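Since the structure comes first, as structure tokens, the remarks are kept for the end.
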Amino acid sequence: MVRWPMVLGPCALLLGVTMVEPGWNQEKRPVLEQVVPAETRSDRNWQAFWRHHLGDWRGRWTRYTPSGEVKETFASSRLFTANATQTEVVQTNHYRYADGRSIRKEWKANIEEHNQADGFAHPASETMRGFALDNGSAAWLIPTLQANQFAPFELILKRGEIRHSVGVLYGKDGELMRTASIREERGSQQGKSWSDTVIQVEPWNPVGRWKGEKRQIQPDLSRVVQQHSVWQWGDKNHSNHFFPDGIILRCPERLVPGRSFSIRVIWLLDEDELQTITANYDSKAQLIAVTHQALTPEG
């Protein structure tokens with residue numbers, strides 16, 4: 001069985017941890033991909049997301065306190081439809097609670113208004129931006145955090161017709177307010193599906209060294225050439241959140257002004273497959289990059 005969702009303020013669109021290799025090297029700049037001249041970076045970013053995420057995604061949302069207790073959980077569907085050229089998108093969210101309540105929300109986005117040079121915007125948020133890698137992984141976040149403002153993040157991983165999002169929300173004082181796990185699937189699944197449990201599990205971590213490929217997108221939507229990556233679990237000053245179905249969130253308990261930080265999600269799909277996605281920020285609270293790794297055990 002695979003593993004089983006957080007509205008970050010009004011923006012409920014979809015939607016760290018330690019690396020052996022540095023996510024960014026100030027002295028050695030990464031090699032950027034050559035983008036087709038007729039295709040702008042923002043167009044590629046827009047298309048990369050909708051190529052992977054259109055359709056009816058059904059699953060369960062669970063919000064947690066910073067210490068891991070369940071705040072609320074509910075069934076959901078997130079339906080994304082588009083016109084033939086995928087320049088106009090409609091998102092319809094439907095939440096169903098155990099007590100019989102039902103909530104429906106709808107947003108419309110188009111490439112002309114919402115596809116911007118610093119990521120694409122959701123109609124419900126003026127500040128959050130979407131960053132999409134070409135394999136379906138993506139992130140929703142604020143590229144430059146502002147003092148005394150809420151700081152929401154959503155990191156998305158996908159394999160085939162299953163995906164999960166992990167949400168993180170920090171308060172105006174920088175304290176972690178809540179986390180969330182959103183586990184969804186699209187269409188009828190044969191074999192793996194999400195479990196029904198919503199209780200966080202006992203601490204664990206992937207064992208040994210893992211190797212594979214790394215993709216990265218930067219704040220100006222440029223992309224680093226895919227490269228080899230090596231990773232293993234390491235202890236750092238993060239809080240760890242152990243969601244059901246092999247999902248771990250590693251993030252600071254508090255965002256401290258003047259201190260760099262990372263937020264990472266780890267997904268152990270099975271003993272031979274691991275994915276990570278990381279948002280790295282510098283000491284000025286500016287996004288450095290969003291990085292995805294697809295890994296298998298080394299040796």
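The values are calculated or read from the model by the stated rules, or taken from the named source; none is laboratory data. Quick caveat: nothing in here was measured; it's all calculated off a predicted structure. All Cβ positions, glycine included, derive from the backbone under ideal geometry; neighbour counts span all protein chains shown. We work out accessible area using only protein heavy atoms, side chains counted, and drop any ligands, DNA or RNA first. Shrake-Rupley method; radii C 1.70, N 1.55, O 1.52, S 1.80 Å.
3J(HN,Hα) along the stretch 281-286: 10, 8, 5, 9, 6, 10 Hz, from the Karplus curve 6.51 cos²θ - 1.76 cosθ + 1.60 with θ = phi - 60°, whole Hz, x for Gly and Pro. Residues in the stretch 106-204 average 42 Å² of solvent-accessible surface per residue, probe 1.4 Å, ligands and nucleic acids excluded. The value for the stretch 95-189 of Rg(Cα) / (2.2 N^0.38 Å) is 1.23.
Quick check of the Kirkwood formula: for the stretch 127-239, what is the inverse mean of 1/r over all pairs of different Cα atoms, in Å?
Details: mean 1/r = 0.0592 Å⁻¹.
About 16.9 Å, per the Kirkwood formula over Cα pairs.
Here the chain exposes an accessible surface that is 49 percent carbon and sulfur, computed with a 1.4 Å probe and the other protein chains kept in place.
Work out how much length E202 to V230 would gain on full extension: take 0.36 nm times their residue separation and subtract the Cα-Cα distance, in nm to one decimal. Could you put the intermediate results ahead of the total?
Working: separation 28, 0.36 × 28 = 10.08 nm, distance 2.59 nm.
Once the chain is fully extended between E202 and V230, it gains 7.5 nm.
Would you mind giving the average projected area, over all directions, of the Cα convex hull of the stretch 201-299 in nm² with one decimal?
Values: hull surface 27.1 nm².
With every direction weighted equally, the projected area is 6.8 nm².
Above 13 Å lies some portion of the pair distances; for the stretch 224-265, what is it as a whole percent of all C-alpha pairs? Tail fraction, whole percent: 66. Each Lys or Arg adds one and each Asp or Glu subtracts one; over the other residues with Cβ under 9 Å from the Cβ of T62, this totals +3.
By how many nm would the segment from T296 to E106 grow when fully extended, if each residue of separation counts as 0.36 nm and the alpha-carbon distance is taken off?
Going from the current span to full extension adds 64.5 nm.
Given the pairs K236/K284; K172/K214; K71/K105; K211/K236, which span a C-alpha to C-alpha distance of over 23 angstrom in this model? Don't jump to the answer; show the numbers that get you there.
Values: K236/K284 20 Å; K172/K214 33 Å; K71/K105 21 Å; K211/K236 20 Å.
Violating the 23 Å limit, Cα to Cα: K172/K214.
Diffusion of the chain by Stokes-Einstein, at 10 °C in a medium of 1.306 mPa s and with Rh set to the Kirkwood radius over alpha-carbon pairs, works out to 82 µm²/s.
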